Amino acid sequence: MKKTYEMLDKSDVLQRARKIIFADRDNTIAQHKALTLVPAFSRHEEKRADFYQQLMEAEGFESVRDSVNNVYTVIRGTGNGPTLYFTAHLDTVFPMDTPLEIRMNGERYACPGVGDDTAALSQTLTLMRAVRDSGIRFRGDLIIGGNVGEEGLGDLYGVKQFFKDHPEGIDGFVSVDGFPHSIIYGGTGSYRYEVCFSGPGGHSMADFGMPNPIHAMGRAIAKISDVKVPAKPWTTFSCGVVEGGTSVNSIAHDCKFLLDIRSDSKECLDRANEEIMACIRTAVEEENARWAAERDRDDVSPYKPGPGELPHADRVVSCRVVQVGNRPAGSQPRDLPLVRACAADYEYFGYETGYIAASSTDANVPISLGVPGITIGGGGTGSGAHSLAEEFDPAGLEQGVYEMFMLIAALLGVDGLSEPLLPPLK
């Protein structure tokens, strides 16, 4: 593989591409800043998808906009080569009303969402221009663009839809959404739930003795916190958001919490899921049993159930668990040709590859489907991801983009110059 990169880098066409990418630095940064100022909360990416599509079409590329707002273009190869889907995600974690303003700190610039993943998104446009202006002809087909739904409760719905629309014919997948010179080659699976508790509610004193949804929720969270999960494969859980209640002197009608369960192993994920669901069921049963055991409270309380009303202890709490996320787990060997080709790219330029066995990224979907997939870093360095102080340092931006261009050329092969390093699936 080293020889492939040496040959490509010394070729006239790759050197043209390099000059184009390096000369395009200011334009890349300008488009990056412009895209950053368009809000794109997960499942609300329409405005940014519109803008990205306009930028793509302004460069002369025919765009495809699918049913969920993924935007991409197809650059056809000369034939007899693999098909690569190369993408960055359009969405961010920040709600649509989050103030967006570029703040300069020397050469670095800060704004919510500036690094994750808007930096990579702008760089896909630079790669397109370099393909167009260098005159390179890949042997295989390149599908390149931006996808929706990678963050939070987006649940990878963009890449899920892409592979639903393309059940065959994709030989490799690269997502640009990682650390510089890193390769994520496995998918951490996750199940996410909205756990909703409900009951009749009432007055905190007059209706004391009635099962309480918030108490049931507290029991459930306490039980979940005691669940034991393996360290290998890495398995985790978290109750992330808690909501509900009416007032300090009310027994709540309803409440809920959001639950995240993750594992690098589907087997461990399912095992943890089963145990945690049992905790929730037991918590509801215990809350109802707690007050059913004191049926005589209504006889001594000065507050009696009204005509036709059930005793307080016979009014029960119930629970409804709604799955709001299902990110598939998946694994593949580290010596996979796609992984090795990317590592050889980094090493050719003198960098040590950072291997990450698993994480939760868009690559989860193809990996779970048996399509080779990785997530890598692009040019420049982001910091403070998912925080209001998120920042991007463009140092090394153009070099990182050229490294990605080289990777694409190596994977797809260059007409009259090199064979593809990405093998076809069939």
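Just so it is clear, none of the values below were taken in a lab; they were calculated from the coordinates. Treat the numbers as computed from the prediction; the structure is a model and nothing was measured. Every residue, glycine among them, receives a Cβ derived from its backbone with ideal geometry; neighbour counts consider all protein chains shown.
Using +1 at the C-beta of Lys and Arg and -1 at the C-beta of Asp and Glu, which of 182, 83, 72 has the Cα lying farthest in the positive direction of the dipole of the chain?
About the Cα centre, the residue reaching furthest to the positive side is 83.
When the dipole is taken about the Cα centre of the chain, and only Lys, Arg (+1) and Asp, Glu (-1) are charged at their Cβ, what size is it in debye, to the nearest 20?
600
Taking every pair of Cα atoms in region 1-142, average 1/r, invert it to obtain the Kirkwood radius, and report Rg/Rh to two decimals.
Ratio of gyration radius to Kirkwood radius: 1.01.
Between [x] 25.9; [y] 23.7; [z] 22.3, which entry matches Kirkwood radius over Cα pairs in Å as derived from the coordinates of this structure?
[y]
To the nearest 10 degrees, how steeply does helix 266-292 sit against the main Cα axis of the chain, on a 0 to 90 scale?
Roughly 20 degrees, rounded to the nearest 10.
Run through every distinct alpha carbon pair of region 189-326 and return the Kirkwood hydrodynamic radius in angstroms, one decimal place.
Its Kirkwood hydrodynamic radius stands at 16.0 Å.
Checking the a/c ratio against 1.5 first, then a/b against b/c, what shape does the Cα gyration tensor give for region 90-136?
Verdict is oblate for region 90-136.
So what is the relative contact order for the chain, in percent, with contacts set as C-alpha pairs under 8 Å and at least six apart?
So the answer I get is 25 percent.
Testing the spin-label approximation: label points 7 Å from Cα along Cα→Cβ at residue 314 and residue 66. State their distance in nm.
Between residue 314 and residue 66, the label points sit 5.5 nm apart.
How much mean residue ellipticity at 222 nm does the chain get from its helices, if each DSSP H run of length 4 or more adds -39500 (n - 2.57) and you divide by all residues, to the nearest 500 deg cm²/dmol?
Numbers: 12 runs with 149 residues, N = 426.
After summing the helix terms and dividing by the residues of the chain, the value is -11000 deg cm²/dmol.
Beyond 29 Å between alpha-carbons counts as too far, so tell me which of 33/426; 164/426; 33/164 fall in that bin.
Violating the 29 Å limit, Cα to Cα: 33/426; 33/164.
So for the chain: antiparallel DSSP bridges make up what percent, rounded to the nearest 5?
For the chain, the DSSP antiparallel bridge percentage is about 70.
State the dimensionless ratio Rg/Rh of region 256-320 (Rg: radius of gyration of Cα atoms; Rh: Kirkwood radius).
1.23
May I ask for the distance between the Cα centers of region 319-350 and region 381-421, given as a whole number of Å?
Here the two parts' Cα centres lie 17 Å apart.
Roughly how many debye, to the nearest 20, is the charge dipole of region 189-326 about its Cα centre, given +1 on each Lys and Arg Cβ, -1 on each Asp and Glu Cβ, and no other charges?
The dipole of region 189-326 has a size of about 360 debye.
Run the numbers for residue 234 and residue 301: contour at 0.36 nm per residue of separation, minus the present Cα-Cα distance, in nm.
19.0 nm
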